[in-house]
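To start, the structure under review is shown below, and the notes come after it.
The values are calculated or read from the model by the stated rules, or taken from the named source; none is laboratory data. Remember, it's a predicted structure, so these values are computed and weren't measured experimentally. Glycine also receives a Cβ, built like all others from the backbone with ideal geometry; neighbour counts cover every protein chain displayed. For the accessible areas, the whole protein counts, side chains as well, though only heavy atoms, and no ligand, DNA or RNA atoms are used. Shrake-Rupley method; radii C 1.70, N 1.55, O 1.52, S 1.80 Å.
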Amino acid sequence: MNEHLRLVFDPMLPVSWLEILASCAALLTVYALLRRAKGAAWRTALFALLLLILANPSLIAERRAPLKDTALIVLDQSASMDLSDRARQAERALDSLKKKLAQFPDLDVDVARAKGTSETDLFHVAEQRLAAIPPGRLAGIIFITDGEVHDKPQGAWSGPLHVLIAGQHDEIDRRIAVTAAPAYGIVGKDVTLTVRIDDAPKPQNETAAVTLRRDDGESETVDMPVGHAVKFMVPIKHAGPNLFAFSVAGVPHELTMLNNETAVTVNGVRDRLRVLLISGEPHIGGRTWRNFLKSDPAVDLVHFTILRSPGSLDYTPDSELALIAFPVRELFETKLASFDLVIFDRFRQQSLIPDAYLANIARYVENGGALLVSNATGTGIPSLTLSPLARVLPTTPSGQLMTGAFVPKLTDEGKRDPVTDTLTTDMPRKDWGPWFRQSDARIKSEDDEVLMTGLQGKPLLVLARVGQGRVAQFLSDQFWLWAKGYKD
């Protein structure tokens, strides 16, 4: 505890006024002294006393207790610190620092532990602790780390910073990374992946063996230079995610082999969207579907309309029939994987497609395909929900066909989802006409998205992710009314 005695002034008048009074008193005193007037000395003393009273002096005795400074220690506990004996070295360094700093009676020690997996955020952890430490009481910051930090600030770092590096001087590590890769590629074309091998602290070899593995099981091994980026041309063989994995041979006494492998995914897209449209019966909505899809030159459309069921009696000789047989096997087994989207429009389970082929479609969706079902069914009407395809459909029908005029309504999810968020801009809601038929159904999972609702707020358009693919289900077949501009 320190004691201090000091004199302070708290003027009763503004300082500028006191300066004016002091100047006037000084002039009068000088004048009186020059004239050798009687009582000049007493007048001078009186003026000084009055000015002193107006200055209002105070004598203050203070007793001060100094506050301790704080030293902040940030210990790196990220995944890279588990390599070798870095964690043990860091803990030993922390214990040693705490013992040495405890010898200073006017110093507090604050220890923060920065935990992480893929990244080390030492500066972020330090900033959180510094928010509670006054800048004037910060003695210094000490980082105990292996040197791998991912949140280095852009500007200057305020305050004294010291770093203790854990590890050995002769440590060797090799890593491989894909430094550049496109997000998408055209199916049947090649894309370029840029790969680089780096050795720390310096290259151990001029070249290293790199193995490239693809998701189709094929692999190849090539030699590439260390410390230089190399471009690989790889083929995009199918739509959806294409996985490419790279691995590099290690070096003796390497610190870790975890970063000797890396992988990248490139989404395969087709130059043109191939769509298979199956209409269960001729109707005006089928023509709307066809016109809509054919209006886009980037869409390759294959459209089949079922005009009669296999059980229909027709005694016309086959040689005189103009209709072709429905190519079930070719569409749903041989060439199914070549389509990006399959649409069932007013299709009912009419024994035209055996269950084995419908199961193929379900697997096609689970493996990354897309399916759209547009239908409205009621009691006694066959439905795809009674087939093997039901396992990928997002709703379960009650069997009731709901009728009555209603205007579809976008849900909150529908206003945000890219499938429907442009509906109101392409066609203002005031121009939306009514629909008159809808299947009553409930969604199977809360993870499924209801984008539109209809009668009684029941789901009208539902989207779901199934495996790697997506499914959309329209519980009405009257969207074509909008295409015709129908209104009440």
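Considering Val230, Val226, the condition of being surrounded by 12 or more Cβ atoms within 10 Å (Cβ to Cβ), in contact with a Pro (Cβ under 7 Å, 6 or more places away or on another chain) and touching a residue at least 24 places away in the same chain (Cβ under 8 Å) is satisfied by Val226 alone. Taking the listed residues Leu7, Leu59, the one that is assigned to a strand (DSSP E or B), open to solvent by 80 Å² or more (accessible area, probe 1.4 Å) and touching a Pro at 6+ places or on another chain (Cβ under 8 Å) is Leu7, with no other qualifying. For segment 86-97: of the residues being more than 20 Å from Ala126 (Cβ to Cβ) and surrounded by 13 or more Cβ atoms within 10 Å (Cβ to Cβ), which is modelled with the highest pLDDT? Going through the qualifying residues, I end up with Arg92. Every test in (1) crowded, with 19+ Cβ neighbours inside 10 Å; (2) over 30 Å from Gly240 (Cβ atoms) is passed by Gly404 save one, and that test is (1). Among the numbered conditions (1) at pLDDT 85 or above; (2) assigned to a helix (DSSP H, G or I), the only one that Val109 does not meet is (2). Of the residues screened, Val419 is not one that is within 27 Å of the chain's Cα centre (by Cα) and closer than 30 Å to Pro354 by Cβ.
Residues that are of a type in the set (D, E, K, R) and modelled with pLDDT under 75: does segment 301-317 have at least one? Checked segment 301-317: at least one residue is of a type in the set (D, E, K, R) and modelled with pLDDT under 75. Is it true that Thr385 is open to solvent by less than 40 Å² (accessible area, probe 1.4 Å), assigned to a loop (DSSP other than H, G, I, E, B), in contact with a Leu (Cβ under 9 Å, 6 or more places away or on another chain) and within 20 Å of Lys444 (Cβ to Cβ)? So Thr385 fails the test. Of the residues making up segment 61-88, those that are over 36 Å from the mean Cα position of the chain (by Cα) and over 17 Å from Leu161 (Cα atoms) number 8.
When segment 16-36 is filtered for residues that are loosely packed, with under 11 Cβ neighbours inside 10 Å and modelled with pLDDT under 80, the ones remaining, listed by number, are Leu34, Arg35, Arg36.
Screening Gly368 with (1) part of a loop (DSSP other than H, G, I, E, B); (2) small (Gly, Ala, Ser); (3) on the phi < 0 side of the Ramachandran plot gives one miss only, at (3). Condition first: open to solvent by less than 40 Å² (accessible area, probe 1.4 Å), in a strand (DSSP E or B) and not polar (S, T, N, Q). Now tell me which residues in segment 469-486 satisfy that. Hits for segment 469-486 are Gly469, Val471, Ala472, Phe474. Output yes when any residue across segment 153-162 is open to solvent by 40 Å² or more (accessible area, probe 1.4 Å), part of a loop (DSSP other than H, G, I, E, B) and in contact (Cβ under 8 Å) with a residue 40 or more places away in the chain, and no when none is. No, every residue in segment 153-162 fails to be open to solvent by 40 Å² or more (accessible area, probe 1.4 Å), part of a loop (DSSP other than H, G, I, E, B) and in contact (Cβ under 8 Å) with a residue 40 or more places away in the chain. Going by the conditions given, is Ser80 in a strand (DSSP E or B) and in contact with an Asp or Glu (Cβ under 7 Å, 6 or more places away or on another chain)? So Ser80 fails the test.
Pick from segment 112-139 the residues that are open to solvent by 40 Å² or more (accessible area, probe 1.4 Å) and in a loop (DSSP other than H, G, I, E, B): which of them is nearest to Asn259 (Cα to Cα)? By that ranking, first place goes to Ser118.
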